[in-house]
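Trainee: One structure, as structure tokens, below. Some questions next.
The values are calculated or read from the model by the stated rules, or taken from the named source; none is laboratory data. Note that this is a predicted model, so its numbers are computed, not measured. Heads up, the Cβs are rebuilt from the backbone with ideal geometry, glycines too, and the neighbour counts pull from every protein chain shown.
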Amino acid sequence: CGFTDNHVHSSFIYRRLRNHERREIQREILSILGLPHRPRPFSPGKQASSAPLFMLDLYNAMAVEEEEEGVAQPYRAAPLLGHSPALTSAHDTNFLNDADMVMSFVNLVEKDKDFSHQRRHFKEFRFDLTQIPDGEAVTAAEFRIYKDRSHSRYDNITLKVSIYQVVKEYQNKDAETFLLDSKKVQASDGGWLVFDITATSNHWVMNPQQNLGLQLCVETVDGRSVNIKSAGIIGRNGPQSKQPFLVAFFKASGVLLRSVR
Amino acid sequence: AAGGKKKNHNRNKSTNQQESSRAPKTGDYNTSEQKQACKKHELYVSFRDLGWQDWIIAPEGYAAFYCDGECSFPLNAHMNATNHAIVQTLVHLMFPDNVPKPCCAPTKLNAISVLYFDDSSNVILKKYRNMVVRSCGCH
């Protein structure tokens, strides 16, 4: 039962666990991690998706920071899965310092609406924020979406990418929306766009029934609506590593105690 | 995975036998007994060995350590001891059958971060405090 991993100290002694011992240890470690059961994530190949890549980048930033403070793991924590992300900014590291927990959410919208009743191009996104553990309060939240180089006919122009909160939906007319944030980008530019949606996320955590999603629109500076795909915005049909996602930073609002057994 | 679990049982047994047969004296602690003094022991919790690679992204495991050993006089020879541990030792020396020695337990604990998927394939990065023993001492 020898374990020859380089990350493990050579003097550790190992023996193979019996089945009931393994189950017992699994149960105890899950209890320490505060989980009622072992998670069963769906969809194969998810590890290469944008959100896990981004989160692993944050994890590595956190591990380095803890090592520098001299309070970290005695051994370098090697990931179970190989990734090569490069998404972290100084902005996120600041949020990290203050966070007890960071959580990324996958986009749940299966069908994107690319055209509204008023012939306005937009894309819709929805995230389920009801799965947040008890006692955690949102301190910051970001919507992240990847923009590739726009279609060649938009060369040398500036595009305005705006994100709206859907406030009310109607059957036969466009939804009522509220502008949250917008960015001006060169059509020829590519990279991640980050929108601050902290207030909206807090609102959705407290009022889940009012979570009607986000809308993203792209316009020229003179207000002409631009087709989302032509603008280079990557949606659900794009590569896994460039899928849009929401990331939220949490601070524990109180001391949580494990249940008495 | 921890080393010397069986050994610990045997040692505890022999220690109890020793304690019942004679009361320890201050100058009676030789080198072989000092080896069993309260100290940090290696313990690696492997998420990989638990078969959790499909939901824990990182780390593959962590060195948790644990504290084990005798808290015998003089307490401060090898590690930190609380003031009360010294009093506890003195009382134990006076009433060895009724009062136990101080406990060998962590004095400093570190946090670890764990990155994992939930049932909905959302990803959670959470800091867990008091997971890694940094130092042991007598309490």
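Trainee: Pick out the one residue from A:Leu159, A:Leu212, A:Leu179 that is aliphatic (A, V, I, L, M), modelled with pLDDT of 90 or more and assigned to a loop (DSSP other than H, G, I, E, B). Full working, then the answer.
Mentor: Details: A:Leu159 fails: assigned to a loop (DSSP other than H, G, I, E, B); A:Leu179 fails: assigned to a loop (DSSP other than H, G, I, E, B).
A:Leu212 is the lone residue from the list that is aliphatic (A, V, I, L, M), modelled with pLDDT of 90 or more and assigned to a loop (DSSP other than H, G, I, E, B).
Trainee: When both residues are 6+ apart or on different chains and their Cβ atoms are under 9 Å apart, which pairs have a first residue that lies in segment B:58-77 and is free of Cβ contacts under 8 Å to residues at least 24 places away in the same chain and outside any loop (DSSP other than H, G, I, E, B), and a second that is surrounded by fewer than 22 Cβ atoms within 10 Å (Cβ to Cβ) and among the charged types (D, E, K, R)?
Mentor: B:Gly61/A:Asp5; B:Gly61/B:Arg48; B:Gly61/B:Asp49
Trainee: Could you tell me whether B:Thr89 is surrounded by 16 or more Cβ atoms within 10 Å (Cβ to Cβ), in a helix (DSSP H, G or I) and more than 10 Å from every other protein chain (Cβ to nearest Cβ)?
Mentor: Numbers: surrounded by 16 or more Cβ atoms within 10 Å (Cβ to Cβ): yes; in a helix (DSSP H, G or I): yes; more than 10 Å from every other protein chain (Cβ to nearest Cβ): yes.
When the stated conditions are applied, B:Thr89 passes them.
Trainee: For segment A:226-256, enumerate the residues that are within 18 Å of A:Tyr154 (Cα to Cα), modelled with pLDDT of 90 or more and not aliphatic (A, V, I, L, M).
Mentor: Answer for segment A:226-256, where residues must be within 18 Å of A:Tyr154 (Cα to Cα), modelled with pLDDT of 90 or more and not aliphatic (A, V, I, L, M): just A:Gly232.
Trainee: What's the number of the only condition in (1) under 25 Å from A:Asn97 (Cα atoms); (2) surrounded by 14 or more Cβ atoms within 10 Å (Cβ to Cβ) that A:Gln131 fails to meet?
Mentor: With (1) under 25 Å from A:Asn97 (Cα atoms); (2) surrounded by 14 or more Cβ atoms within 10 Å (Cβ to Cβ) applied to A:Gln131, the lone miss is (2).
Trainee: Could you list, in sequence order, all residues of segment B:95-133 that are more than 8 Å from chain A (Cβ to nearest Cβ) and in contact with a strand residue (DSSP E or B) (Cβ under 8 Å, 6 or more places away or on another chain)?
Mentor: Initially, segment B:95-133 is screened for residues more than 8 Å from chain A (Cβ to nearest Cβ), giving B:95-109, B:129-130, B:133.
Residues satisfying the conditions are B:Lys101, B:Pro102, B:Cys103, B:Cys104, B:Ala105, B:Pro106, B:Thr107, B:Lys108, B:Leu109, B:Arg129, B:Asn130, B:Val133.
Yes/no matrix, rows are residues, columns are (1) at pLDDT below 65; (2) more than 16 Å from B:Tyr128 (Cα to Cα):
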| position | (1), (2) |
| --- | --- |
| A:Tyr14 | yes, yes |
| A:Arg18 | no, yes |
| A:Ile25 | no, yes |
| A:Leu35 | no, no |
| A:Ala48 | no, yes |
| A:Leu56 | no, yes |
| A:Ala63 | no, no |
| A:Tyr75 | yes, yes |
| A:Thr88 | yes, yes |
